[in-house]
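Structure first, commentary second.
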Amino acid sequence: MANRDNPHGFRPLMRSLSGGPGAACMAAHKLVGYGTALFINDVITRVANGTKLTQAISAAITPGTTVIGGVNLTYGAASTATDHTIVPAAGYQVFEAQDNKDTDGIGVADVNKNFNVEFNAGNTVSKISGHEIDESTINTTNTLDGKIVGIFRSPDNLIDASGFVRAEVIFNRVQFSDQTTAI
């Protein structure tokens, strides 16, 4: 049976590559002027000009260019100031996401390769993200958004040519790491 096409963003697995527990969730807020909704499990970046004591966030990310801040855990309607909880992308936090089946699905040969995120719109009914691994970008290039560190182990996750394979990933370009430009 083929894998289901079920985009759900980047789900935190609440563990790190070092074997430790996942990072603590952080408070954040979306500015009223941001005209796009933030969905659960959306990849986010920090932005300047916050209006609260917490960091301001958005999903206005250019794949392979913007530095990743983490993953959003709270839905926020478009053009509305909303409070959010995020899991920071730093510290080798592991997330699970599916590929978008641009070609033949993620395979074992793709483990340890890099990828960009495909920023699809979220589901307005379930409030779940539509972000996926952009399979057509999988490569060794070091400027890509994330790295595939394994295949997600589940009986309903087949590694075959059917695509929509779920993988365990970390983010390469993170805001909470050394030598990252301030915002």
#### Entry: Hits in the stretch 59-104 - residues which are more than 15 Å from residue 9 (Cβ to Cβ) and among the small types (Gly, Ala, Ser)
60, 64, 77, 78, 79, 81, 90, 91
## Note on the structure
When the stretch 23-38 is checked residue by residue, the ones that are open to solvent by 20 Å² or more (accessible area, probe 1.4 Å) and either among the acidic types (Asp, Glu) or farther than 12 Å from residue 51 by Cβ (or both) are 23, 24, 25, 26, 27, 35, 36
#### Entry: Out of 15, 4, sole residue that is over 13 Å from the mean Cα position of the chain (by Cα), touching a residue at least 60 places away in the same chain (Cβ under 8 Å) and part of a loop (DSSP other than H, G, I, E, B)
4
### Message
So in the stretch 18-32, with the set limited to residues that are assigned to a loop (DSSP other than H, G, I, E, B) and modelled with pLDDT of 85 or more, which one is nearest to the chain's Cα centre (by Cα)?
### Response
31
### Task
Sort out which residues of the stretch 70-94 are within 23 Å of residue 152 (Cβ to Cβ) and open to solvent by less than 40 Å² (accessible area, probe 1.4 Å), and write them in order of number.
70, 71, 72, 86, 87, 88, 89, 90, 93, 94
### Query
In the stretch 133-177, what residues are surrounded by fewer than 18 Cβ atoms within 10 Å (Cβ to Cβ) and polar (S, T, N, Q)?
136, 139, 140, 141, 142, 143, 154, 157, 162, 177
### Task
Taking residue 127 as the residue in question, decide whether it is open to solvent by 20 Å² or more (accessible area, probe 1.4 Å), touching a Phe, Trp or Tyr at 6+ places or on another chain (Cβ under 6 Å), in contact (Cβ under 8 Å) with a residue 40 or more places away in the chain and more than 17 Å from residue 166 (Cβ to Cβ).
yes
### Query
Only one residue in 109, 97 is free of Cβ contacts under 8 Å to residues at least 12 places away in the same chain and under 23 Å from residue 159 (Cβ atoms). Which one?
109
#### Entry: Close pairs (9 angstrom Cβ cut-off, 6 or more residues apart or separate chains): over 10 Å from residue 133 (Cα atoms) and small (Gly, Ala, Ser) in the stretch 156-170, part of a strand (DSSP E or B) and open to solvent by less than 20 Å² (accessible area, probe 1.4 Å) anywhere
163/98; 163/99; 163/135
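The values are calculated or read from the model by the stated rules, or taken from the named source; none is laboratory data. If you're wondering where the values come from, they're calculated on a predicted model, not measured in any experiment. Cβ atoms come from the backbone with ideal geometry, glycine included; neighbour counts cover every protein chain shown. SASA here: full protein model, heavy atoms, side chains in, ligands and nucleic acids out. Shrake-Rupley method; radii C 1.70, N 1.55, O 1.52, S 1.80 Å.
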